[in-house]
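Engineer: Dumping the structure here so I can ask a few things about it.
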Amino acid sequence: MGNAALQEIFRAAGFEVVNDAAVDAVVVGLDLDLSFERLTTACQAIVGHRAAFIALHRNRLYPDALGRVAPSVGAIVAAIEYATQVEPVLIGKPSPAYFKQALNELGIPPSEVLVVSDDPLSDLAGAKRMGMRAALVLSGKYATADVLEKLPPGERPDLTAPRIGDLLTSSLISLG
């Protein structure tokens, strides 16, 4: 389940992409053509055919092309998870493997990383769990920091700023 670009990535990697219940895996990304029929097919695959259930991430919201706050992949994942009672394998943020891969590719320790995002519930909480510093910008999904109350203190960002440019004045960032 996902957009044409995601499907093309899987095809390029040698996978056959089909909308059928008789599959080995159900991979969930953002699906703007989501329908009850597609949800049903995914559930049939997971429950009836024991297909693996894989989620790219669990983001709840994203700003759509019209600037509205819209349901994201996490909403689709939650519907399938609730219906099937099967927990997905998470291959994107905030999974530790996602952040470990990034750290390995950068070749730096977590303590030297500042993750900046407008999503404290997945991006920043995951970064904090990995020992990275985190900064929330209020110019995207959330206009206020009220959402932080949903997070345990250890997963809250180190810094909150109205816009990304405001982070340049922060003592968290060292320029040299």
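The values are calculated or read from the model by the stated rules, or taken from the named source; none is laboratory data. Note that the structure is predicted; figures quoted are calculated from it, not measured. Please note: Cβ atoms are built from the backbone with ideal geometry, for glycine as well, and neighbour counts cover all protein chains shown.
Engineer: Identify, please: which residue in region 137-164 is surrounded by fewer than 16 Cβ atoms within 10 Å (Cβ to Cβ) and basic (Lys, Arg) and is, among those, modelled with the highest pLDDT?
Structural biologist: Ranking the candidates gives ARG163 first.
Engineer: Residue under question is SER111, and the condition is that it be of a type in the set (Gly, Ala, Ser) and under 17 Å from the mean Cα position of the chain (by Cα); does it hold?
Structural biologist: Answer is no for this residue.
Engineer: Follow-up question, since we're still on this one. Would you mind stating whether VAL116 is farther than 19 Å from GLY140 by Cβ and either of a type in the set (Val, Ile, Thr) or touching a Leu at 6+ places or on another chain (Cβ under 8 Å) (or both)? Lay out the reasoning, then the answer.
Structural biologist: Details: farther than 19 Å from GLY140 by Cβ: no; either of a type in the set (Val, Ile, Thr) or touching a Leu at 6+ places or on another chain (Cβ under 8 Å) (or both): yes.
For VAL116, the condition - farther than 19 Å from GLY140 by Cβ and either of a type in the set (Val, Ile, Thr) or touching a Leu at 6+ places or on another chain (Cβ under 8 Å) (or both) - is not met.
Engineer: Follow-up question, since we're still on this one. For residues that are small (Gly, Ala, Ser), closer than 27 Å to LEU121 by Cα and crowded, with 21+ Cβ neighbours inside 10 Å, tally how many sit in region 36-52.
Structural biologist: Narrowing region 36-52 to residues small (Gly, Ala, Ser): 42, 45, 48, 51-52.
Pick out the ones that are also closer than 27 Å to LEU121 by Cα and you get 42, 52.
Right, trim to crowded, with 21+ Cβ neighbours inside 10 Å and you get 42.
Adding up the residues that qualify gives 1.
Engineer: Does LYS141 satisfy being more than 30 Å from ARG50 (Cβ to Cβ) and either in contact with a Lys or Arg (Cβ under 6 Å, 6 or more places away or on another chain) or in contact (Cβ under 8 Å) with a residue 40 or more places away in the chain (or both)?
Structural biologist: Details: more than 30 Å from ARG50 (Cβ to Cβ): yes; either in contact with a Lys or Arg (Cβ under 6 Å, 6 or more places away or on another chain) or in contact (Cβ under 8 Å) with a residue 40 or more places away in the chain (or both): yes.
Yes.
Engineer: Pick from ALA83, ALA55, ALA97: which is out of contact with any Lys or Arg (no Cβ under 6 Å at 6 or more places or on another chain) and surrounded by 15 or more Cβ atoms within 10 Å (Cβ to Cβ)? Outline the logic, then answer.
Structural biologist: Details: ALA83 fails: surrounded by 15 or more Cβ atoms within 10 Å (Cβ to Cβ); ALA97 fails: surrounded by 15 or more Cβ atoms within 10 Å (Cβ to Cβ).
Going through ALA83, ALA55, ALA97 in turn, just one is out of contact with any Lys or Arg (no Cβ under 6 Å at 6 or more places or on another chain) and surrounded by 15 or more Cβ atoms within 10 Å (Cβ to Cβ): ALA55.
Engineer: Also: Restricting attention to region 23-35, report how many residues are surrounded by 11 or more Cβ atoms within 10 Å (Cβ to Cβ) and either outside the structural domain of ALA83 (by TED's automatic domain parsing) or part of a loop (DSSP other than H, G, I, E, B) (or both). Reasoning before the result, please.
Structural biologist: If we filter region 23-35 for residues that are surrounded by 11 or more Cβ atoms within 10 Å (Cβ to Cβ), which is where we start, we get 23-31, 34.
Still in the list and also either outside the structural domain of ALA83 (by TED's automatic domain parsing) or part of a loop (DSSP other than H, G, I, E, B) (or both): 23-24, 29-31, 34.
Matching residues across region 23-35 total 6.
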